[in-house]
1. Hey, can you tell me all the residues within the range 74-109 that are out of contact with any His (no Cβ under 8 Å at 6 or more places or on another chain) and hydroxyl-bearing (Ser, Thr, Tyr)?
2. Can you tell me how many residues in the range 52-87 are within 25 Å of Thr161 (Cα to Cα), of a type outside the set (A, V, I, L, M, F, W, C) and in a helix (DSSP H, G or I)?
3. Condition first: assigned to a helix (DSSP H, G or I) and under 20 Å from Leu165 (Cβ atoms). Can you find one or more residues in the range 99-110 that meet it?
4. Note down all Cβ pairs under 7 Å where the first residue falls in the range 348-376 and is at positive phi, the second is buried (at least 17 other Cβ atoms within 10 Å of the Cβ), and they're at least six residues apart or on different chains.
5. Tell me which helices (runs of 4 or more DSSP H) are completely within the range 163-244 and hold 2 or more residues being more than 21 Å from Leu323 (Cβ to Cβ), or say none if there are none.
6. One residue is enough: does the range 388-400 have a residue meeting the conditions touching a residue at least 40 places away in the same chain (Cβ under 8 Å) and among the aromatic types (Phe, Trp, Tyr)?
7. Of the residues that make up the range 313-334, is at least one within 14 Å of the chain's Cα centre (by Cα), of a type in the set (Asp, Glu) and assigned to a loop (DSSP other than H, G, I, E, B)?
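The values are calculated or read from the model by the stated rules, or taken from the named source; none is laboratory data. Here the structure is a predicted model, which means the values were calculated and not measured. We place every Cβ from the backbone using ideal geometry, glycine too, and count neighbours over all the protein chains shown.
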Amino acid sequence: MSPRAVPWTRANSIESFCAFLVLAAGCYTAYQTIAQGYLPAPFYPDATDTFRDWFSVANWAHTGGAYDTWLAVYPPLSFVITKYLALPSCYAFDMSMGARECDWVGILALHLFLVLNGIVASLTYMRLDRRTALPRAFVLTAGMPMLFGLERGNIILLCITTCMLAWGPLVRSARWRWLFAGLAVNFKVYLVAVVLAQLIRRKWLAAEGALLATVAVYLASFAILGEGTPGEILANLINFAQGFYSTQANAVAIWYNSTYSSMYLVLTDSSAPVTMLLGSVMVDRLTLLLLVVIRSSQLVLLGSLVAAWLRPEVVTPHRLASLSLGVVMVLQENPPYAMPVLLYFVLMERWKGRLVPISIVMTYLISVPIDYNLGSSLWVEQFSYVGNRFVSSERALQLGMFIRPLGHTLIPVCLALDTIVAVVRDVRQDGWQNRWRFRHDWPLLPRVRRPLPPASTAPADTSPA
């Protein structure tokens, strides 16, 4: 894709201003971190827990038993990567989180991949629009979802690199793109939705190649690690899905929720003291409102996939990836660090119409790394890894708990509505007979005539006069 040389417009000014807000909020958060000794909200509230995801995986990669003892849900690739991006001596005595003080290689790898992501994102968006490339690359790399992933030490930092190479304009070789797609799916299993979305565009070879690469990467990483059979992973996934909401619903709703699902569960949880605080009438109204928002957004996203199946030539590849990931993000509560893969595809959109700009602006706004307290605070004494001292960390009801899930929902829903409108408009303008490349498709609608061949390839009329 060649860069689009366009004059500076109001849209460019809006994106630059939004990127400046993210930068200013990031500087303020950095100041607060230095002054208080811990990362303030909306970062994870346990100040002792920094980089836990990385070092927990690395610990089990060195000691073994990740799938039968820890009940891991990750494919073996994450364990293989963290095992070799580490100092083995730091895990000789099963120190778990104590390895942070020793394994400087793992911490360095996390930050190097963050810088690499910024470079790859800049090059990617430069191919699309030079005017907005830097603001979009900055908000993707230094926005709140990615910073949250860095603080957690999550493998998303490596996954987003493979995503940009697999589904971006930088890699031209189809086989290399399939390999990067296979790596991405083995890092985050839900990215198989992007691979399967190729079937909606009738890109059978692309989907088949990516799936074969996914299996090949899994088999190679399984051979290296020596554990993590499909049966173990499936059983652990089922166990995780059954126990997650019952044990963590209340916790999720008070830190960084990505959808309203967790808030809905808290409102309907008999053990949560919500009715006592808000009253039964208010709780019933909020429950109904959240249920309407959740179900309507799910229906719109599923409807957009049906529309894309009917008219795949109207939907761009990155739009289809956004819709498929949007379904995954809206159907269930996902950690905040899952959002960068969706935002990557959203930021490939052109600023056009009325709905797409809303998605782009909301991408910037949810990336602002700051929050606002709505009530009194609860102070907790704990040791801060970042500040390397004991601190009094603040916890309170915050504005982002209510606004951020709305932004996460609006981003894919606006793109879904724009897709449905584009498909309806295309059907009205061009009809159905000029779709020769889809002539082998099963006719989905009754009384629809098959597509006519192009004039240059139409058979001559040999019927007798």
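1. Within the range 74-109, Tyr74, Ser78, Thr82, Tyr84, Ser89, Ser96 meet the criteria.
2. Residues in the range 52-87 being within 25 Å of Thr161 (Cα to Cα), of a type outside the set (A, V, I, L, M, F, W, C) and in a helix (DSSP H, G or I): 10 in total.
3. The answer is yes; a qualifying residue exists.
4. Once the first residue is at positive phi and sits in the range 348-376, its partners that are buried (at least 17 other Cβ atoms within 10 Å of the Cβ) give Gly353/Asp418.
5. Working: elements: 174-187, 192-197, 204-225.
Here the list reads 174-187, 204-225.
6. no
7. yes
Yes/no per residue for (1) more than 24 Å from Trp351 (Cα to Cα); (2) in contact with a helix residue (DSSP H, G or I) (Cβ under 9 Å, 6 or more places away or on another chain); (3) hydrophobic (A, V, I, L, M, F, W, C):
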residue: Arg136; (1), (2), (3): no, yes, no
residue: Gly153; (1), (2), (3): yes, yes, no
residue: Thr161; (1), (2), (3): yes, yes, no
residue: Gly168; (1), (2), (3): no, yes, no
residue: Val185; (1), (2), (3): yes, yes, yes
residue: Gly209; (1), (2), (3): yes, yes, no
residue: Thr214; (1), (2), (3): yes, yes, no
